[in-house]
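The values are calculated or read from the model by the stated rules, or taken from the named source; none is laboratory data. Just so we're clear, the structure is a prediction, and the values are computed from it rather than from any experiment. Heads up, the Cβs are rebuilt from the backbone with ideal geometry, glycines too, and the neighbour counts pull from every protein chain shown. The accessibility values were calculated without ligands, DNA or RNA, using every heavy atom of the protein model including side chains. Shrake-Rupley method; radii C 1.70, N 1.55, O 1.52, S 1.80 Å.
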Amino acid sequence: MLKKAVFPGSFNPFHLGHLDILRRAARVFEQVIVAVYENPSKPLLFTVEERIELVRETVKDAQISNVQVASFRGLTVDYLKSVEAYVMIRGLRVFSDFEFEFRMALANQRLAPEIEIVNFMTGEQYIHISSTTVREIASLGGDVSSMVPPNVEAALRRRFADKTSLSTDM
Ligand code: PNS
């Protein structure tokens, strides 16, 4: 087995497509760190602490033992170096992901040539899932139970219930 890899992302929120990529990576690497990107200049639907907790619960429920969850700020390649990991995992769904991922891989290669980017292909049942789609459907009261783990579904329901009650209060 290969040693250590980092799976970075916004995970806003973590969905079944992410979990599929994580399972695949955890079968190939001894240790996988899910690294939740904290972008201080951009408030997201879930705080970094909430996103970490949702990923931790999901990993525990899925019984994947060789996974840790952490957060990072700044450049992803700097985070990898700080934990002495030299493989970055990214998922690929549809062909249109490729251009974005390829560009990001080239930028990261330029920044840190010692780091390899490894792309895992998602299972076909998850091709349509993205965090953006999940957020939009959940915000409109739609059913996302086939797209996210149960703990994430519950968190989305609570978050949008909060938002609705806030907006009707105003
Ligand atoms: O889940 P996402 O939103 O597709 O993840 C994107 C992420 C967080 C991996 C990417 O935006 C990133 O690496 N951000 C950290 C800043 C950085 O290193 N930028 C240079 C890479 S182009």
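Ignoring ligands, DNA and RNA, how do E49, E114 rank by accessible area with a 1.4 Å probe, largest first? Numbers along the way, then the final one.
Values: E49 120, E114 95 Å².
If we order E49, E114 from most to least accessible, we get E49, E114.
Note down the accessible area of F7, probe 1.4 Å, to the nearest 10 Å².
10 Å²
Over region 2-127, average the accessible area per residue using a 1.4 Å probe and give it in Å², no decimals. Intermediate results must be reported in sequence, preceding the final value.
On the way: 6850 Å² over 126 residues.
It amounts to 54 Å² per residue over region 2-127.
Where the Cα atoms of the chain are projected onto their three principal axes, how long is each span, largest first, in whole Å?
53, 33, 31
Let me check something: with ligands and nucleic acids excluded, how do D162, D20 order by accessible area (1.4 Å probe), largest to smallest? Don't skip to the answer; put the middle values down first.
On the way: D162 80, D20 20 Å².
Ranked list, largest accessible area first: D162, D20.
Would you look at the GNM of the chain, springs on alpha carbons closer than 10 Å, and say which of L16, L106, L80 moves the most?
L106
Roughly what would the spin-label model give for E136 and S82, points 7 Å off Cα along C-beta, in nm?
It is 3.4 nm.
At 1.4 Å probe size, what's the solvent-accessible area of V83? Round to the nearest 10 Å².
The accessible area comes out at roughly 40 Å².
Output the relative contact order of the chain, whole-number percent, from Cα pairs under 8 angstrom with separation of 6+ residues. Each step should come with its number before you reach the end.
Numbers: 233 pairs, mean separation 46.7, N = 170.
Dividing the mean separation by the residue count of the chain yields 27 percent.
Which residue fluctuates most in the GNM of the chain (Cα springs below 10 Å): R110, R27, R159?
Top of the fluctuation ranking is R110.
Taking all protein chains together and a probe of 1.4 Å, list R51, R73 from the most accessible to the least accessible. Let's see the in-between values first.
On the way: R51 10, R73 150 Å².
So, going from the largest accessible area down, we get R73, R51.
Taking +1 at the Cβ of each Lys and Arg and -1 at the Cβ of each Asp and Glu, which of L2, A70, F95 sits farthest along the dipole of region 2-127 towards its positive end, judged by Cα position relative to the Cα centre?
L2
With a 1.4 Å probe and all protein chains kept in place, how much accessible area does M147 have, in Å² rounded to the nearest 10?
20 Å²
Can you tell which of Q125, Q68, Q31 shows the greatest fluctuation in a Gaussian network model of the chain with Cα springs below 10 Å?
Q125
Given the C-alpha centroids of region 125-160 and region 42-97, what is the distance between them in whole angstrom?
Here the answer is 18 Å between Cα centres.
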